[in-house]
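Working notes, structure below.
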Amino acid sequence: MKIGILYIGIGRYACFWPEFYKSSEQYFVAEAEKHYYVFTDKDEIQPQERVEVFHQDDMGWPCNSLMRFKMFRRIKERLQDNDYLFFFNSNAQFLVPVQAQDILPLDEDYSALCIEDNPEKMSFESRTASAAYVPRSEAKYYFSGALNGGKRDAYLQLIEACDQIVDTDLRNGLMPLWHDESVLNGFLFGKRVKVMYRNMGKPANWSEPKDAKIILRRKEDVLGRSWLRNYKGREHTNTWLRKLLRMTGLVS
């Protein structure tokens with residue numbers, strides 16, 4: 001069994017890679033052959049056995065996150081040689097073994113981490129003009145963008161469809177509410193999803209549940225969220241947004 005792991009370590013987020021890789025090798029589906037596909041602009045993340053590195057310019061926040069599906073689509077041919085594909089946030093760290101039955105979809109097509117199942121607290125894209133729109137009254141789960149995956153062919157479909165959702169919204173002058181997370185929820189609505197709960201993954205600063213298998217390390221612990229996200233400034237991000245719109249033919 002082969003599992004392809006998609007990982008983005010752009011800019012200062014590259015600092016999370018060593019601990020993620022070490023903990024994944026130790027705890028994530030130990031019997032699987034794991035291949036890592038890393039997008040970064042940093043030389044300190046180097047290719048090695050089962051680790052492919054792809055250069056990705058730093059586009060600033062939120063482009064580095066919003067454009068993840070376009071990054072992944074660039075290497076879709078490389079991803080074919082896997083049985084499953086998974087994405088983990090750069091700050092993910094495995095604490096204990098994660099078994100195949102814990103995380104891999106069997107009867108379903110996708111796996112995703114549910115962080116809210118109370119309709120009153122779900123934060124879906126509510127604008128009907130958005131391609132990521134989800135009717136709140138019909139939704140059962142709100143999924144985190146930090147951990148998701150699926151069977152290879154299904155996940156490749158997710159990558160392509162989510163990239164198209166982003167392009168459609170940008171063409172119409174819309175920024176998805178919570179960027180890639182809103183796009184993911186828009187796509188997964190109505191799909192066959194293996195729902196994982198907080199005992200699978202949670203932010204490190206949440207007190208409960210105490211037995212989570214994966215934590216999302218606090219960005220503040222690495223000199224602060226603003227240090228990670230905003231070190232290049234809004235104008236840098238706006239420049240990249242304009243460039244991406246031209247590259248994708250959304251504007252002339």
**OP:** Can you run down the residue pairs with Cβ atoms below 8 Å, 6 or more apart or on separate chains, where the first is in the range 1-30 and more than 15 Å from Asp41 (Cα to Cα) and the partner is open to solvent by 60 Å² or more (accessible area, probe 1.4 Å) and part of a helix (DSSP H, G or I)?
**Re:** Gly4/Arg152
Original post:
Which condition number does Gly145 fail, the rest of (1) touching a residue at least 40 places away in the same chain (Cβ under 8 Å); (2) of a type outside the set (A, V, I, L, M, F, W, C); (3) open to solvent by 40 Å² or more (accessible area, probe 1.4 Å) being met?
Top reply: (3)
Original post:
Just to be sure, is Leu156 more than 16 Å from the chain's Cα centre (by Cα) and over 28 Å from Ile215 (Cβ atoms)?
Top reply: no
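Just name the residue that is farthest from the chain's Cα centre (by Cα) out of those in the range 167-206 that are among the small types (Gly, Ala, Ser) and part of a loop (DSSP other than H, G, I, E, B).
Residues of the range 167-206 that are among the small types (Gly, Ala, Ser), as a first pass: 173, 182, 186, 190, 201, 204.
Filter once more, so that each one left must be part of a loop (DSSP other than H, G, I, E, B): 173, 190, 204.
Working: Gly173: 23, Gly190: 19, Ala204: 17 Å.
Out of the qualifying residues, it is Gly173.
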Original post:
Which of (1) surrounded by fewer than 17 Cβ atoms within 10 Å (Cβ to Cβ); (2) closer than 20 Å to Val96 by Cα; (3) of a type outside the set (Lys, Arg) does Pro47 not meet, given it meets every other one?
Top reply: (2)
Subject >> Top-ranked residue in the range 91-109 [being under 18 Å from the mean Cα position of the chain (by Cα) and open to solvent by 10 Å² or more (accessible area, probe 1.4 Å); ranked as farthest from Phe143 (Cα to Cα)] >> reply: Gln93
**OP:** Check off (1) touching a Pro at 6+ places or on another chain (Cβ under 6 Å); (2) surrounded by 16 or more Cβ atoms within 10 Å (Cβ to Cβ) for Asn199 and give me the number that stays unchecked.
**Re:** (2)
**OP:** Give the residues of the range 115-140 that are under 20 Å from the mean Cα position of the chain (by Cα) and within 22 Å of Leu216 (Cα to Cα), sorted by residue number.
**Re:** Ile115, Glu116, Asp117, Met122, Ser123, Phe124
Subject >> Residue that is surrounded by the most Cβ atoms within 10 Å (Cβ to Cβ) [pool: residues in the range 148-196 that are more than 23 Å from Ile75 (Cβ to Cβ) and of a type in the set (A, V, I, L, M, F, W, C)] >> reply: Met196
**OP:** Starting from the range 68-82, keep only residues that are within 12 Å of Tyr36 (Cα to Cα), then list their pairs with residues that are surrounded by fewer than 16 Cβ atoms within 10 Å (Cβ to Cβ) whose Cβ atoms are within a distance under 6 Å, requiring at least 6 positions of separation or different chains.
**Re:** Asn82/Lys2
Subject >> Failed item, numbered, when Phe16 is tested on (1) open to solvent by less than 10 Å² (accessible area, probe 1.4 Å); (2) in contact with a Leu (Cβ under 9 Å, 6 or more places away or on another chain); (3) under 22 Å from Leu216 (Cα atoms) >> reply: (2)
Subject >> Only one of Ser137, Ser111, Ser123 that is more than 27 Å from Arg12 (Cα to Cα) and assigned to a strand (DSSP E or B) >> reply: Ser111
**OP:** Please work out if Ser23 is surrounded by 21 or more Cβ atoms within 10 Å (Cβ to Cβ) and farther than 22 Å from Val195 by Cβ.
**Re:** no
Subject >> From Lys140, Lys121, residue being touching an Asp or Glu at 6+ places or on another chain (Cβ under 7 Å), at pLDDT below 95 and not aromatic (Phe, Trp, Tyr) >> reply: Lys140
**OP:** Could you please find all residues in the range 124-142 being among the basic types (Lys, Arg) and either open to solvent by less than 70 Å² (accessible area, probe 1.4 Å) or under 15 Å from Ile165 (Cα atoms) (or both)?
**Re:** Arg127
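The values are calculated or read from the model by the stated rules, or taken from the named source; none is laboratory data. Note that the coordinates shown come from a computational prediction; the quantities given were computed from them, not determined experimentally. FYI the Cβ positions are ideal-geometry reconstructions off the backbone, even for glycines, and counts take in every protein chain you see. Keep in mind that these areas ignore ligands, DNA and RNA; they rest on the heavy atoms of the full protein, side chains included. Shrake-Rupley method; radii C 1.70, N 1.55, O 1.52, S 1.80 Å.
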